[in-house]
Ligand code: C2E
Ligand code: CA
Ligand code: CA
Ligand code: CA
């Protein structure tokens, strides 16, 4: 009993209680933010090194918390996943992205394909694909206006059902990228049978280029062999660009070209004609 008691005390000390409370507050605030649709979406341009043009963008959620200020998704996405709030969150993101795309297209601009991140909980919802297709129609958009980023980890988990959904998305023109590629241990044979368009080389490899040169070049040649596009994320330096060019990687995304920017700023980029 004594031992249990001391253990018990250790587990439920003040800071743990405080942590649990903070998490509950944050969860409540996040639920409210989703209900009120007060989340924001930033856009990070993707570049083609050969044509020097913006070829797409990635939509990244931001939360301007009333008390804690601007929060990074790293501070609330896992909480949203644990609490199933992620579905509502990503539907708000989807709506905001579609609103922007609709407004830009209506005013004569030509936004390149925008990717949205979809977590496995959302992707595995039975109605994920029909919901997405329905929303595209609501905003007068086509499948070819968007791309869905799923992570390597979640395709390893799901198997046959995943591929059925990926095929349905590609049938309406939505492209599929496998995010954080290289970190999830998927085998080559697995990729061959998977209905995807593009691999995103994880930024952890790029930021430590010299230690990961073999992995990076393997992913690039693998994608060539499988007829997939490949994009490097987290590109920050001129040297990384040079190394990627040497390896024939054409698509890049990263702070070197642009940080994620607010919708109004991305619109300026569209108005300027998309060259950096
Ligand atoms: P991610 O999908 O891998 O997105 C790329 C992250 O890398 C973004 O962080 C972006 O700001 C950052 N990044 C881009 N270029 C560079 C660079 O050159 N250097 C460095 N160090 N970082 C760079 P962010 O916006 O903080 O998002 C973090 C993660 O949060 C995302 O990683 C994604 O997994 C998740 N996330 C964001 N929005 C959503 C969403 O709507 N749904 C889900 N499920 N996850 C989201
Ligand atoms: Ca992503
Ligand atoms: Ca509808
Ligand atoms: Ca990534």
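Where a number appears in this text, it was derived from the coordinates with a stated rule and is not lab data. Since the model is a prediction, treat every value here as computed from it, not as a measurement. All Cβ positions, glycine included, derive from the backbone under ideal geometry; neighbour counts span all protein chains shown.
Just a few scattered comments:
- Size estimate for region 119-276 follows the Kirkwood approach: the inverse of mean 1/r over distinct Cα pairs works out to 17.0 Å.
- Using a Förster distance of 35 Å, the FRET efficiency for residue 247-residue 153 (Cβ separation, nearest 0.05): 0.90
- Taking every Cα-Cα distance in the chain and sorting them into 10 Å bins from zero, the calculated P(r) comes out as 6, 26, 32, 23, 8, 3, 1, 0 percent.
- Cβ crowding within 10 Å ranks 245, 35 as 35, 245, fewest other Cβ atoms first.
- Modelled this way, with points 7 Å down the Cα-to-C-beta line, the labels at residue 17 and residue 222 are 5.0 nm from one another.
- Within the chain, percent of DSSP bridges classed antiparallel, to nearest 5: 45 percent
- Counting all C-alpha pairs of region 164-221, share separated by more than 16 Å (%): 48 percent
- Kirkwood hydrodynamic radius computed over region 26-84 comes to 13.1 Å, based on all pairs of distinct alpha carbons.
- When each of 114, 51, 183 is scored by the number of other beta-carbon atoms lying within 10 Å, the sequence from fewest to most is 51, 183, 114.
- Pairwise FRET efficiency - residue 65 versus residue 37, Cβ, R0 = 25 Å, nearest 0.05: 0.95
- In terms of the mean number of neighbouring beta-carbon atoms within 10 Å, the peptides 60-72, 254-266 order highest first as 254-266, 60-72.
- With an a/c value of 1.5 or above and a/b not larger than b/c for the gyration tensor axes a ≥ b ≥ c computed over the alpha-carbon atoms, region 106-153 is described as oblate.
- Which of 121, 17 has the fewest Cβ neighbours within 10 Å, and the rest in rising order: 17, 121
- Pair-distance distribution of region 64-130: all C-alpha pairs, bin width 5 Å, starting at 0; shares per bin in whole percent are 3, 14, 20, 21, 17, 14, 9, 2, 0.
- Distance from the Cα centroid of region 97-135 to that of region 213-249 is 27 Å (rounded to whole angstrom).
- Spin-label pair residue 28-residue 171: with each label point 7 Å from Cα along the Cα-Cβ axis, the two points sit 4.6 nm from one another.
- Computed from label points 7 Å out along Cα-Cβ, the spacing between residue 72 and residue 105 is 3.3 nm.
- Expected 222 nm ellipticity per residue - DSSP helices of 4 or more, -39500 (n - 2.57), all of the chain, to 500: -14500 deg cm²/dmol
- Per-selection Kirkwood Rh - region 213-276 (Cα, Å, 1 d.p.): 13.2 Å
- Binning the alpha carbon pair distances of region 37-173 at 5 angstrom intervals from zero yields the distribution 2, 9, 18, 22, 20, 16, 9, 4, 1, expressed in whole percent.
- Radius of gyration and Dmax over the Cα atoms of region 108-186, both given in Å: 12.9, 43
- When you restrict to C-alpha pairs under 8 Å that are six or more residues apart and normalise by the size of region 73-129, the relative contact order lands at 40 percent.
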